[in-house]
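Engineer: Pasting a structure here, questions to come.
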Amino acid sequence: MKIIAFGGSISKNSINKKLATYVSHLFEHAEVEVLDLNDFAMPVFSVDLEKEIVQHPLAHAFLDKIASAELLVISMAENNGNYSAAFKNTFDWASRINVKVFQNKPMLLLSTSDGKRGGARVMEIAQAAFPRYGANIIGSFSLPSFYENFDMENMKISDPVLDNQIRDIVKNLSF
């Protein structure tokens with residue numbers, strides 16, 4: 001099984017990328033490719049710029065990565081209660097090529113933050129919006145208080161209750 005995973009942030013130390021990486025590696029016998037949104041940096045989308053560029057090649061590359069997956073593991077970063085600007089920009093460019101950006105792929109949707117809500121607001125927004133763009137959300141998980149519940153040295157969830165929750169989700173997913 002091929003998994004494409006990424007965090008919805010361009011931070012070099014993205015906690016969402018760390019969570020997506022950890023969770024994607026919980027799947028046995030999977031080939032995991034972790035994307036870095038920095039590799040898909042495009043100018044800020046506008047219809048005027050789209051007229052000049054038409055379809056940005058990096059948006060095509062992003063869509064090609066999504067197409068190669070059998071499962072998407074995406075951890076959404078929350079910036080001011082919404083998607084990060086970097087994720088939204090990549091998404092906007094890609095959606096102009098294929099409105100079904102997620103191409104009906106099964107998706108495990110994650111979020112985390114350094115706060116107790118674990119990116120709950122962006123999770124709610126993504127759960128409501130992503131299905132309209134071809135996401136087949138088959139599971140979700142929010143990790144609260146990332147720095148208290150994630151062992152940065154060993155790159156894993158340190159809270160045993162939370163770790164068991166995500167392991168159970170992974171084990172029970174069917175697609």
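Read-outs: derived from the displayed coordinates by stated rules, not from any lab. For clarity, every value in this text was computed on a predicted model and none was experimentally measured. Neighbour counts run over all protein chains shown; Cβ positions are idealised from the backbone, glycine included.
Engineer: Can you find even one residue in segment 18-31 that is under 30 Å from Asp168 (Cβ atoms), in contact with a Lys or Arg (Cβ under 6 Å, 6 or more places away or on another chain) and assigned to a helix (DSSP H, G or I)?
Structural biologist: yes
Engineer: With the structure loaded, tell me whether Leu35 is within 20 Å of Ile169 (Cα to Cα), surrounded by 18 or more Cβ atoms within 10 Å (Cβ to Cβ) and among the hydrophobic types (A, V, I, L, M, F, W, C) or whether it fails that test. Give the derivation first.
Structural biologist: On the way: within 20 Å of Ile169 (Cα to Cα): no; surrounded by 18 or more Cβ atoms within 10 Å (Cβ to Cβ): yes; among the hydrophobic types (A, V, I, L, M, F, W, C): yes.
Spelling it out, it is not the case that Leu35 is within 20 Å of Ile169 (Cα to Cα), surrounded by 18 or more Cβ atoms within 10 Å (Cβ to Cβ) and among the hydrophobic types (A, V, I, L, M, F, W, C).
Engineer: Something else now. Out of the residues in segment 44-68 that are part of a loop (DSSP other than H, G, I, E, B) and out of contact with any Phe, Trp or Tyr (no Cβ under 9 Å at 6 or more places or on another chain), which is farthest from Arg167 (Cα to Cα)? Talk me through it step by step, then tell me what you get.
Structural biologist: Taking segment 44-68 and keeping what is part of a loop (DSSP other than H, G, I, E, B), we get 44-46, 54-56, 68.
So of that shortlist, the ones also out of contact with any Phe, Trp or Tyr (no Cβ under 9 Å at 6 or more places or on another chain) come out as 44, 46, 54, 68.
Numbers: Val44: 37, Ser46: 41, Val54: 43, Ser68: 24 Å.
It comes out as Val54.
Engineer: I've got another one for you. Go through (1) surrounded by fewer than 20 Cβ atoms within 10 Å (Cβ to Cβ); (2) within 21 Å of Ala135 (Cβ to Cβ) and name the single condition Ala59 misses.
Structural biologist: Tallying (1) surrounded by fewer than 20 Cβ atoms within 10 Å (Cβ to Cβ); (2) within 21 Å of Ala135 (Cβ to Cβ), Ala59 fails exactly one: (1).
Engineer: Next up: Ser142: in contact (Cβ under 8 Å) with a residue 12 or more places away in the chain and either under 17 Å from Leu35 (Cα atoms) or under 11 Å from the mean Cα position of the chain (by Cα) (or both), yes or no? Show your work before the answer.
Structural biologist: Values: in contact (Cβ under 8 Å) with a residue 12 or more places away in the chain: yes; either under 17 Å from Leu35 (Cα atoms) or under 11 Å from the mean Cα position of the chain (by Cα) (or both): no.
Against the criterion (in contact (Cβ under 8 Å) with a residue 12 or more places away in the chain and either under 17 Å from Leu35 (Cα atoms) or under 11 Å from the mean Cα position of the chain (by Cα) (or both)), Ser142 does not qualify.
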